[in-house]
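Values in this text are rule-based calculations from the coordinates and carry no lab data. Since this is a predicted model, take the numbers as computed values, not measurements. Counting neighbours? That spans all protein chains shown, and the Cβs are built from the backbone with ideal geometry, glycine included.
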Amino acid sequence: QMGRVVTEDTFVCEHAAKADTRVSLCWASANRDAKVFENPNEIVMDRKINPHVGFGFSHHNCLGATHARQIMKILLQTLAEKVGSFEIFDCKENIEDLHHFKRKVGFHSINIKFNPLTK
């Protein structure tokens, strides 16, 4: 996420934002915008055109984006070929405390059991 402090009273879409309050852009939410993506809650590996902002955009594009996409593609292909199911048996959530609210931003640790694909 990217946080900012509002400098003057304004509106973001239909939401009021008062001066000196904090606002946050959550990249993950942007990537699930139904106005931009057809079936935004589905994982579509070959989605075209795919204007997600997970690696930034324009001159703020992540230099490692192509490498990261290739690693994820190989990982997901390998898992699909070898794993029939998985179970999360222990995890420690990463909760970000922003004084006025708390939010889950992933995991500090996660232990998963992968069950082999049975043919």
Enumerate by residue number the chymotrypsin sites (Phe, Trp or Tyr not before Pro) in the stretch 1-88 meeting two conditions: DSSP loop (anything except H, G, I, E, B), and at most 15 other Cβ atoms within 10 Å of the site's Cβ. F55, F57
Exposed GluC sites (Glu not before Pro) being those in a DSSP loop with at most 16 other Cβ atoms within 10 Å, the longest stretch of the chain free of them is 43-119
With volume of the Cα convex hull per residue in Å³ defined as stated, name the option among [x] 119; [y] 161; [z] 81 computed from the structure displayed. [y]
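What net charge is computed for the residues neighbouring E8, neighbours being all others with C-beta under 13 Å from the C-beta of E8, Lys and Arg scored +1, Asp and Glu -1? Provide the component values of the computation, followed by the final result.
Details: positive: R4, K18; negative: D9, D20.
Summing Lys and Arg as +1 and Asp and Glu as -1 gives 0.
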Which pairs break 28 Å Cα to Cα here: K73/K104; K73/K113; K48/K113? K48/K113
Please tell me the relative contact order of the chain in percent, rounded to the nearest whole number, where contacts are Cα pairs under 8 Å and at least six residues apart. 15 percent
Checking the cross-link filter: which aspartates and glutamates have an alpha carbon closer than 16 Å to that of K18, excluding same-chain neighbours under 8 positions apart? E8, D9
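Give me the dipole magnitude in Debye, nearest 20, for the chain about the Cα centre, with unit charges on the beta carbon: positive for Lys and Arg, negative for Asp and Glu.
Working: 16 positive and 14 negative charges, 82 e Å.
The calculated dipole for the chain is roughly 400 debye.
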Once you charge only the Cβ atoms, +1 for Lys and Arg and -1 for Asp and Glu, what is the size of the charge dipole of the stretch 1-62 about its Cα centre, to the nearest 20 debye? 140 debye
